[in-house]
Number of protein chains: 2
Amino acid sequence: MDTEDSDIRMRLRRAGLRPTRQRLGLARLLFAGPDRHVRAEELSREAREAGVRVSLATVYNTLHQFVDAGLLRRVDVEPGRACFDTNLSRHHHFYDTGTNELIDFDAEDVGITGLPEAPGGKTVERIDLVVRIR
Amino acid sequence: MDTEDSDIRMRLRRAGLRPTRQRLGLARLLFAGPDRHVRAEELSREAREAGVRVSLATVYNTLHQFVDAGLLRRVDVEPGRACFDTNLSRHHHFYDTGTNELIDFDAEDVGITGLPEAPGGKTVERIDLVVRIR
DNA sequence: TCAACAATTTAGACCGATTCTAGGTTCGGA
DNA sequence: TCCGAACCTAGAATCGGTCTAAATTGTTGA
């Protein structure tokens with residue numbers, strides 16, 4: 001898409017990131033289509049298959065820059081490897097401990113009561129709910 | 001402690017684990033004193049300092065065996081490394097994203113409503129709540 | 001008690017995921 | 001067009017963790 005493309009360019013610009021060939025190629029893979037969870041190695045393979053020439057190091061760099069820019073969210077549930085989530089809305093996760101699959105669910109309907117104050121006068125940044133299923 | 005020691009011996013026995021010098025030494029480090037969070041590398045260092053001769057491989061093996069035996073719980077919040085928790089009661093965690101520190105809080109007072117059904121007819125194994133603070 | 005055998009431990013090799021390094025490339029403004 | 005900063009890259013290095021094969025140690029039954 002052309003509108004999508006210039007949208008991405010603008011979001012990168014706003015984050016102080018030059019819209020390079022590599023970043024645009026990866027962004028297209030990430031943001032075309034529905035929300036998804038992806039790992040670096042996997043995205044690297046997809047890029048290769050789609051003819052986007054980009055090194056693995058750049059895939060890692062780009063994913064982290066996108067997280068810092070608020071284009072992606074990082075999810076830590078699996079031990080020893082990072083997962084990146086294109087869904088930026090308030091949501092939580094089911095985590096299937098058998099298949100290692102992550103499934104989003106909307107946070108709007110979820111209510112959490114009885115949380116204690118954050119210790120040491122710290123500020124709550126985010127609340128992550130992981131429902132482990134089997 | 002002597003009573004503590006024979007208690008640990010018994011719990012290991014019940015789990016089908018021989019109470020070896022290494023396992024007893026690590027168990028003493030883990031379970032003497034208040035509840036704690038610990039990583040393998042750290043426990044290995046503590047053992048060395050306490051004069052408990054045990055290889056890093058055995059520390060890893062033992063931690064996993066203790067988790068399987070229900071003596072420890074594994075916590076996954078930090079990317080790329082496992083943390084083990086001696087607190088077996090129902091509780092959740094504050095996670096200080098600045099210091100990487102984990103702080104327990106009781107789950108008894110916490111209420112969670114509006115959770116969707118587990119997808120695919122799966123069973124809910126556990127619900128982990130991580131309050132990220134800064 | 002002790003032989004015998006399974007469980008355990010170990011050093012060190014190995015692994016996958018990720019980061020680092022150093023040098024070459026490209027972008028964008030003057 | 002030229003320059004400097006931002007960027008990309010291959011390959012080395014690192015990190016947490018696992019595996020392997022051989023030595024050691026518990027346990028058990030005679």
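The values are calculated or read from the model by the stated rules, or taken from the named source; none is laboratory data. All values derive from a computational prediction rather than experimental measurement. All Cβ positions, even for glycine, are placed from backbone atoms using ideal geometry, and neighbour counts span all protein chains on display. Calculation scope for accessible area: heavy atoms of the full protein, side chains included, ligands and nucleic acids excluded. Shrake-Rupley method; radii C 1.70, N 1.55, O 1.52, S 1.80 Å.
Values computed for the structure shown
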| item | result |
| --- | --- |
| Cα long-axis angle, helix A:40-49 against chain A (0 to 90 degrees, to the nearest 10) | 30 |
| Pairwise centroid distance, computed over Cα atoms, of the range A:69-130 with the range B:52-107, Å | 19 |
| Net charge dipole size for the protein assembly as shown [Lys, Arg +1 and Asp, Glu -1 on Cβ; Debye, nearest 20] | 1160 |
| Local net charge near residue A:75, Cβ-Cβ under 9 Å (Lys/Arg +1, Asp/Glu -1) | -2 |
| Cα gyration tensor, the range B:2-75 - rounded (a/c under 1.5), prolate or oblate | rounded |
| Helix A:2-14 vs. chain A, principal-axis angle (Cα, 0 to 90°, nearest 10) | 70 |
| Relative contact order (%) - criterion: Cα under 8 Å, at least six apart; region: chain A | 18 |
| Teacher prompt: residue A:123 distances to equivalent labels in other copies, 7 Å Cα→Cβ, nm | 4.3 |
| Cα-based helix-to-principal-axis angle, B:21-31 vs chain B, degrees rounded to 10 | 40 |
| Considering only the range A:89-133, percent of DSSP beta bridges that pair antiparallel, nearest 5 | 60 |
| Heavy-atom accessible surface of the protein assembly as shown: percent carbon and sulfur, 1.4 Å | 47 |
| Where the protein assembly as shown is the region considered: accessible area per residue in Å², 1.4 Å probe | 55 |
| Chain A: antiparallel DSSP beta bridges as a percent of all, rounded to 5 | 75 |
| Interchain or long-range residues, amide H under 5 Å from residue A:72's placed H | A:67 |
